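Every number here is computed from the coordinates shown, using simple stated rules; none is lab data. Just so it is clear, the structure is predicted and the values come from calculations on it, not from any experiment. With ideal geometry, Cβ positions are generated from the backbone for all residues, glycine too; neighbour counts draw on all protein chains shown.
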Amino acid sequence: MTLRILVPLHTYPDGNADGIARQVAVYAQHLQANVFALACNIDLPSPSSLLGNLVINVPAMIREAKAGSRARSAALIAAMKAELEPSGIPLRTLEVERYPGEFGDVIARQARYHDLVLLGMCQHDRIPRLTAEAVIFGSGRPALLVPESAPAEAPDHVVVAWDGGSAAARAVCDAHPFLHRAGTVTIVTVAGEKPLADDSAGERLAEYLADHDIEAQVSRLQSGGRSIADVLQAHVRDVGAGLLVMGGFGHSRMRDFVLGGATQGILDDLQVPVLVSH
């Protein structure tokens, strides 16, 4: 079985950093997966103000922005090809042109024909954050959120955040390709943030994973008044793990996402690679 990774490429206003190409190559090699890049080029509405057109030449600004977006997508695709070719991994590409607010829905629909969506994240650009929400809650596929400033490394140590809930169970299932390849798997539960329905939840998950030839150790963490997102990401850094697996909690009211605390914390301040499923 060959996995398919979808990589949305944002190109406006700044777009993804060049480092996304190396991140994609590392994960594609690790999973022996095919890569599909979706270049998201911007479309902008035509100006309606004649005075504005005369004073600041809005049509020319729009043309320049769209040309810059297309040029950025071409550069990112070229960088990905250069990183993937030495490993013999082909790159298939698709380009779409939409208003920025429409990218999330377009990417979520495309994601349903892939096994995993890899999203390069940065704090200063809100568009990838909106895309991540749309993928997590609208695609039915797991999202691999990668900080663009993080080093590109295959995850040999995987940490699973476990609360016994349905979203976490889905994340564990989606993470099997990573868990089977990991040298170390740690299951963590966090006390103090919310009560666990089962005090032995971590051990029960370890038993389940053992039946799938995945050996895991269990750790119990204390929140100590910190947010669960801070606790989990700090633990990943402290033990030198390369990936955090967690369930994403949230729902939509009139298309405004109402996120659970851990999910919101991860999206607000992503510090380590995180695989999120809903």
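A few remarks follow.
- Estimated vicinal HN-Hα couplings, Hz - region 156-164 in sequence order (Karplus 6.51, -1.76, 1.60; Gly, Pro = x): 8, 10, 10, 9, 10, 7, 10, 10, x
- Relative contact order [Cα under 8 Å, 6+ residues apart], region 157-277, whole percent: 32
- Taken about its Cα centre, region 1-147 carries a charge dipole of about 180 debye when Lys and Arg each add +1 at the Cβ and Asp and Glu each add -1 at the Cβ.
- Sorting the segments 61-69, 229-237 by their residues' average number of neighbouring beta-carbon atoms within 10 angstrom, most packed first, yields 229-237, 61-69.
- With the simple model of a label 7 Å out from the Cα in the direction of the Cβ, Ala191 to Gln123 spans 3.2 nm.
- Extension reserve of the Asp156-Glu85 stretch, reckoned as 0.36 nm per residue once the Cα distance is removed: 23.2 nm
- Here the Karplus curve 6.51 cos²θ - 1.76 cosθ + 1.60, taken at θ = phi - 60°, turns the phi angles of region 120-131 into couplings of x, 10, 9, 6, 7, 10, 7, 4, x, 4, 5, 5 Hz, with x standing for Gly and Pro.
- Residues in region 227-248 reached by a label modelled at His212 [backbone nitrogen below 20 Å; 7 Å Cα→Cβ]: 242-248
- Residues whose amide H lies under 5 Å from that of Leu9, counting only those 5 or more places away or on a different chain, are Leu38, Ala39, Cys40; hydrogens are built 1.01 Å from N in the peptide plane.
- Taking each residue as 0.36 nm, the span from Met1 to Val106 lengthens on full extension beyond its C-alpha to C-alpha distance by 35.2 nm.
- Positive contributions from Lys and Arg (+1) and negative ones from Asp and Glu (-1), summed over other residues with Cβ under 11 Å from the Cβ of Asn16, come out at -3.
- Amide H contacts of Ala191 (H built 1.01 Å from N, under 5 Å, at least 5 apart or other chain): Leu221, Gln222, Ser223
- Between 0 and 90°, nearest 10: helix 228-239 axis offset from the chain longest Cα axis: 70
- Rounded to the nearest 20 debye, the dipole magnitude of the chain is 820 debye, with +1 charges on Lys and Arg beta carbons, -1 on Asp and Glu beta carbons, and the Cα centre as origin.
- Using only alpha carbons, region 157-277 has a radius of gyration to Kirkwood radius ratio (Rg to Rh) of 0.95.
- Top of Pro142, Pro45, Pro177 by mean-square fluctuation, Gaussian network on the chain, Cα under 10 Å: Pro45
- Gain upon complete extension [Gln222, Asp18; 0.36 nm per residue less C-alpha separation]: 69.7 nm
- Across q = 0.21 Å⁻¹, region 4-147 modelled as identical point scatterers on its alpha-carbon atoms has Debye log10 I(q)/I(0) values of -1.26, in the order of the q list.
- If you take all other residues with their beta carbon under 15 Å from the beta carbon of Glu203, and give Lys and Arg +1 and Asp and Glu -1, the sum is -4.
- What the phi angles of region 185-190 give under the Karplus curve with 6.51, -1.76 and 1.60, with θ = phi - 60°, is a coupling list of 10, 10, 9, 10, 10, 10 Hz, glycine and proline written as x.
- Taking other residues whose beta carbon is less than 15 angstrom from the beta carbon of Val276, and scoring Lys, Arg as +1 and Asp, Glu as -1, yields -3.
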